[in-house]
1. Could you compute the FRET efficiency for D42 and A257, with r as their C-beta to C-beta distance and R0 at 45 Å, rounded to 0.05?
2. Find out how many positive minus negative residues lie around E326, taking Lys and Arg as positive, Asp and Glu as negative, among other residues whose Cβ is under 15 Å from that of E326.
3. In degrees between 0 and 90, to the nearest 10, how far off the longest principal axis of the chain does helix 96-108 point, with axes built from Cα atoms?
4. Taking springs between alpha-carbon atoms closer than 10 angstrom, which of E91, E292, E210 fluctuates most in the Gaussian network model of the chain?
5. If you plug each phi of the stretch 312-317 into the Karplus form 6.51 cos²θ - 1.76 cosθ + 1.60 with θ = phi - 60°, what whole-Hz ³J(HN,Hα) values come out, in order, with x for Gly and Pro?
6. Return the Rg/Rh value of the chain, two decimal places, where both radii are evaluated on C-alpha atoms and Rh is the Kirkwood radius.
7. Roughly what angle does helix 260-278 make with the longest principal axis of the chain, taking Cα atoms, 0 to 90 degrees, to the nearest 10?
8. Helix 3-14 sits at what angle to the longest principal axis of the chain, using alpha carbons and giving 0 to 90 degrees rounded to 10?
Amino acid sequence: MAVSDFLLYCFISALPGPPGVSVDNAYVQLIPINKHKCPKIDPVRDISFQLYTRHNPLHHQRLIIGDDEALQKSNFNFSQPTVIFFHAFFENSMSLTATIIRTAYLQRGDHNIILLNAPRLEAGPWYLTAARNTEVVGRYTAMFIDYLVSRGMYLPSLHLVGLSLGAQMAGVCGQNVRSGRVTRITGLDPAGPLFKKWPKNLKLDAGDAEFVDVIHTDAGIFGYPTQIGHVDFWPNRGISPQPGCTIPEVKRRNPDAIIEPLFCSHWRSYQFYAESVLNPYGFLSVACNSWEDYTQQKCDPNQVTNMGFAVDYNARGNYYLRTNRESPFSIDTSARPEYSSYFNKR
């Protein structure tokens, strides 16, 4: 890259903006910020980490690599588990997705909830740039984790959760943590476009943590089309449209929706997961060779686990289940005769 190009990209990166606007809970930016071409990270504007706990459930506290004073003054509790959530393309830490995940955990009990915030690097409509930036965000977050561990955080208590591009960030992050091996990464419909052909070091796979679980809801469109974790869940076959996500259904619920008709199935992954945080045993799933075998009840009823929060870390392979069309999404299997052969041990 020419020096003039480097200076141009760094000049653009240093601008107060670039100008952007929120549309239907999505952030669109005039100019892309490519951190491969200007790698210096601004710890406030480019990538920041926002802490929420039961003591500050509504207003975050910013944590910065190397800022011991900010960490000491924060409500970070080293005796409690920590969750880092990586938001998706078009989003930020204040998007509905991050808010719902944060709220679910805080309603459940004591956790350190850290929301990654990188809207300038993940802004629409610049998908190629945002996808490339996932490597930068993942590596920087790994440095942040190493910093927290050096100050006393118990690494096995850490759980990384990412949606779409955020799932790919979480994978890169897990690969680059130097203070030990991350125990668990949960990928919520990991992004598919471009990543299917990219090397393993740029995306999520089962090698990135001791345990990787994945929820597919829009496989082959916005989501990754094949198994990539230790255990992969395929609710309603894992493809679009998910129940309740046809365009007429979305428009009936929200006539003014612009983005939701496109992303409804993709977003089901985080909605299912957030519900599982509060209802850990609601999404019983069965291991099966295919959706067709599942619908014909040709699965082993002894191989069941819970999708989401309470997954069995020993589960391996592909698991299937059905959900409701709207919240609450979990099905009361005891009230559905067709499920009894699978879930009679609930």
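1. 0.85
2. That works out to +2.
3. Helix 96-108 and the main axis of the chain meet at about 70 degrees.
4. E292
5. 7, 5, 8, 5, 9, x
6. Using only Cα positions, Rg/Rh for the chain is 0.97.
7. That works out to roughly 80 degrees.
8. So the inclination is approximately 70 degrees.
FYI, it's all coordinate maths here, none of it is from the lab. Remember, it's a predicted structure, so these values are computed and weren't measured experimentally. Ideal geometry is used to build each Cβ from the backbone, glycine not excepted, and the neighbour counts take in all protein chains shown.
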